[in-house]
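Asker: Just passing along the structure, written as structure tokens.
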Amino acid sequence: MDDGFLDEVEACIPALRRYARSLVLEGELADDLVQDCLERAIRKRRLWRRGPVQPWLFRILVNLFRNHYRNTRRRNETPFEEALHAPAQPPQQHDRLALNDTLNAIAALPDEQREALMLVALEGFSYAEAGAILDIPVGTLMSRIGRARRKLRAEGNGSPPAHLRPVS
């Protein structure tokens, strides 16, 4: 097996774990999802077309989530905030409450909106890359992200947090 391929796969693990946690909302299930993704990627390596391996791995992860985990996951067992990095310093109480409100609002989004939003806002994929990962047209992806952002604005004070705002 090509060591370059395995090195690329290994470099993607933190992003895969973060995205999996944003999908299944539970640490152990997210780790299982990533493990299944990595196992499938290594087993099906011959199907990978040369190029960046990260979008291919995310596509596998999304397909596994859709096929196996969506129907069996248990919502709200653990905080959604596990998907995000903890701040270096404890936030002020008000900031902590605002963060919890935002995380709860994201967790309450429909799966297809959360999948799209988190690929673009959390993982930094372009609309074209995220559309390819989710196997949907870019216009559909943009519509899902727009609906997700509108719902988040409605839950908050009218404007989403800076990390969820569209990039100009």
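Asker: Test each condition in (1) surrounded by fewer than 17 Cβ atoms within 10 Å (Cβ to Cβ); (2) at pLDDT 60 or above; (3) of a type outside the set (Gly, Ala, Ser) for residue 79 and report the one that comes out false.
Answerer: Failing condition for residue 79: (2).
Asker: What are the pairs with Cβ atoms under 6 angstrom where one residue, in region 122-137, is over 11 Å from residue 55 (Cα atoms) and the other, located anywhere, is at pLDDT below 95 and exposed (fewer than 13 other Cβ atoms within 10 Å of the Cβ)? Sequence gap at least six, or different chains.
Answerer: Short answer, once both residue conditions are applied: none.
Condition check ((1) among the aliphatic types (A, V, I, L, M); (2) more than 28 Å from residue 60 (Cβ to Cβ); (3) modelled with pLDDT of 90 or more) across all residues:
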residue	(1), (2), (3)
96	no, yes, no
99	yes, yes, no
116	yes, no, yes
121	yes, no, no
141	yes, no, yes
154	yes, yes, no
157	no, yes, no
161	no, yes, no
167	yes, no, no
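Asker: Identify all residues within region 105-125 that are surrounded by 20 or more Cβ atoms within 10 Å (Cβ to Cβ) and of a type in the set (Gly, Ala, Ser); write none if there are none.
Answerer: If the condition is that a residue be surrounded by 20 or more Cβ atoms within 10 Å (Cβ to Cβ) and of a type in the set (Gly, Ala, Ser), then 116, 121 are the ones that fit.
Yes/no per residue for (1) under 26 Å from residue 105 (Cβ atoms); (2) surrounded by fewer than 23 Cβ atoms within 10 Å (Cβ to Cβ):
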{"residue": "5", "(1), (2)": "no, yes"}
{"residue": "9", "(1), (2)": "no, yes"}
{"residue": "17", "(1), (2)": "yes, yes"}
{"residue": "20", "(1), (2)": "yes, no"}
{"residue": "24", "(1), (2)": "yes, no"}
{"residue": "27", "(1), (2)": "yes, yes"}
{"residue": "33", "(1), (2)": "yes, no"}
{"residue": "39", "(1), (2)": "no, yes"}
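Asker: For region 33-61, what are the residues that are assigned to a helix (DSSP H, G or I) and free of Cβ contacts under 8 Å to residues at least 12 places away in the same chain?
Answerer: 35, 39, 43, 46, 47
The values are calculated or read from the model by the stated rules, or taken from the named source; none is laboratory data. Note that the structure is predicted; figures quoted are calculated from it, not measured. Cβ sites come from the backbone with ideal geometry, for glycine too, and all protein chains shown count toward neighbours.
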